[in-house]
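K.L.:
Here you go, one structure.
Laboratory data are not the source of any read-out in this text; all were calculated from the coordinates shown. Values in this document were obtained by computation on a predicted structure and should not be read as measured data. So basically every Cβ, Gly included, is an ideal-geometry build from the backbone, and we count neighbours across all protein chains shown.
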Amino acid sequence: MKKLILTLVTAGMVSLAALSGALANNRADDGFKRNMRDKLPKMTNQAIWAGTLYDWKAVDWYNLIVWAPSRKDAYLLQLETPCPSLRFVDTIGFIPQDSRITSYGASAVVVDRDVCRIGSITKLDDKSLKTWLERAKASHQAERAETAG
């Protein structure tokens, strides 16, 4: 099983370097958002209590599955912008809003120095979870084939 260390980061604890990088990324992301407006995740009202996060799995640069409060409850987090490092790290952090991870506030996933805002959170049923896990597996295999060839 993948090593899981979830770090809950409050706004006051985010490093200045991460914030300055995020601000620079936000300016660059404005053009991306204009071009991808119809493809961006739609905001949802789902929220996850930050202290209940159990496990996570990266699907690709834009999608992340988290389980909370146990392995039986899965949620899909769709990010507003790509988060390329997500697929290659063992540890991620979250910036919650009022102890909750939401898509309607300032909640974000922190990966290395990247701060990736959450665009939507969707509770997954068993069928949807299976589909997303298969997509993650296919994405990982395609990436390995690209790097090997």
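K.L.:
Rank the residues T91, T52 as a footprinting-exposure proxy: fewest other Cβ atoms within 10 Å of their Cβ go first.
P.N.:
Arranged by neighbour count, lowest to highest, T91, T52 become T91, T52.
K.L.:
Listing T122, T131, T147 from the residue with the fewest other Cβ atoms within 10 Å to the one with the most, what is the order?
P.N.:
Listed from fewest to most nearby Cβ atoms, that is T147, T131, T122.
K.L.:
Continuing with this model, one more query. Amide H of V59 versus every other amide H placed in the peptide plane: which residues, excluding those fewer than 5 positions away on the same chain, fall under 5 Å?
P.N.:
Correct list: L64, I65.
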